[in-house]
1. What relative contact order, as a whole-number percentage, does the chain give when Cα pairs under 8 Å and 6 or more residues apart are counted?
2. Once R0 is set to 30 Å, what does the formula 1/(1 + (r/R0)^6) return for the Cβ-Cβ distance between Glu408 and Arg88, expressed as a FRET efficiency to the nearest 0.05?
3. What's the exposure ranking of His382, His326, going from fewest to most Cβ atoms within 10 Å?
4. Which one, Ala250, Ser307, Pro89, is farthest towards the positive end of the dipole of the chain when Lys and Arg carry +1 and Asp and Glu -1 on their Cβ?
5. Could you check the spin-label model distance between Leu420 and Thr27? Points 7 Å from the Cα along Cα→Cβ, value in nm.
6. Which of the lysines could a cross-linker span from Lys381 if the Cα-Cα distance has to be under 16 Å and same-chain partners fewer than 8 positions apart are dropped?
7. Along the positive direction of the dipole of the range 100-215 (beta-carbon charges: Lys, Arg +1; Asp, Glu -1; about the Cα centre), which of Ala192, Cys182, Pro131 reaches farthest?
8. Hey, rough spin-label estimate for Lys223 and Asp124, points 7 angstrom out along Cα→Cβ, what's it come to in nanometres?
Amino acid sequence: MNEKIQSVLNSLPHKPGIYLMKDAEGTIIYVGKAISLFNRVRSYFQESTDHSPKNRSMVSKIDDIEFLVVQNEVEALVLESNFIKQNRPKYNVLLRDDKSYPYIKVALTEDFPRVYRVRSFHHDGNRYFGPYTNSGSVDATLDLLNKLFAFRTCRYDGSAWAPPAKGEPPANWKLKLLSRPCTQYYIHRCTAPCVAYTTREEYNAIIKQVILFLEGRHEEVLKDLQAQMEKASEDLNFEEAARLRDRIQAVERVLEKQRIINTDAQDDQDVIALASEDDETCAQVFFFRGGKMVGREYFILQGTRDSSASEVMTSFIQQFYQSSPHVPPEIIVEVEPEDRQILQTWLKEKRKGAGATGGKTSVTITAPRRGDKVEMVKMVKHNAQLVLEQQRIKWLTDTQKTQLALEELQTVLNLATVPLRIECYDISNTQGTDSVGAMVVFEGGRPQE
């Protein structure tokens, strides 16, 4: 232990906060939180402590420690999550490629709101749904939504298509419509507010149905569509009634798939289970809304070889719900996470800040031991194990492709052995001056950072 670390250990307070472990280059290699910084940080350097191989490896690389004192454990948890997300330390359990998860955005702050894919969410008055693990599932969902609900997909500014929803129009405002609707209108995928074929109120009713559908409240969507169909029929608008009938049948087909798995719960629930192999863990999440399963997603965590299931569950809950626009009132987990009470308090604040429906903001994290919830967890865990096996098969396939490519390169270049390390250089200059060089390295057919 160097003098720098010893001086830090001597100055640690008996207060909550976070600590940043750094290597000799000043890179943050681990971020942790503690109720007592004095007790927690010093425990890493006690020889009597039974450290895991990962912790022993980490401690051997620590050259400096920084710490930040906060008011309470919840603040420490939030700060820890932010530092992990920003720095992605080597020895923390990390969601793989967590920055790239897409969301579906319902742009409520726009005139005649659009529904489209984004890469992050913000508390900006719009509605966000996700995260999804891949763009394909988002595109499939958006395509389904546009088949069911005729909202616009164009990027026009709709502020001149109708008078403002609230208040009087600005002094220089005047109605500006397009000359004709696009193809989307003629294939019944848009109601064409751009040419005033629909009112703002009628269009907003469609967006309301989109939100209800994404929330999993399909029964309300059906009830609304049926009322519209009956009204269209009473008005002798049979063509519109037929379109609404087809839309109702499409929603019912989606609903039938979700009736296969349901619970007796009335509140929203997320069910989380883990499956681990080597240094990776698959966290599978099933989303239940109003007792029906409305979706599922999986996420891969790295650096879990020497971590307990409770630690992995804690890391996943922190990282997943930090970037999730919706927190349900009940989270059912396979194993109880560390600091469960602190996590519940943090999630309660997030749920409250997101404007929880019905005024209910409390969040409970439960690890059931008997009953129907145990069976739900088993089902989710089985799916996590299947996903992990599929990922492993995919990795093996990619590895085989890489090996074949290297063997082909060996043949083309007439090399004695397969090239294990490939270095590529590029030198550039400006008329013989200001030379700049760059090098990229591949080892085993894979780029090295």
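Since every read-out is calculated from the coordinates, none of them should be taken as a lab result. Just so we're clear, the structure is a prediction, and the values are computed from it rather than from any experiment. Every residue, glycine as well, gets a Cβ built from its backbone with ideal geometry; the counts of neighbours run over all protein chains shown.
1. 11 percent
2. Result of the calculation: an efficiency of 0.30.
3. Exposure proxy ranking, most exposed first: His382, His326.
4. Ala250
5. 2.2 nm
6. Lys373
7. In the range 100-215, that residue is Cys182.
8. That separation, rounded to one decimal, is 3.3 nm.
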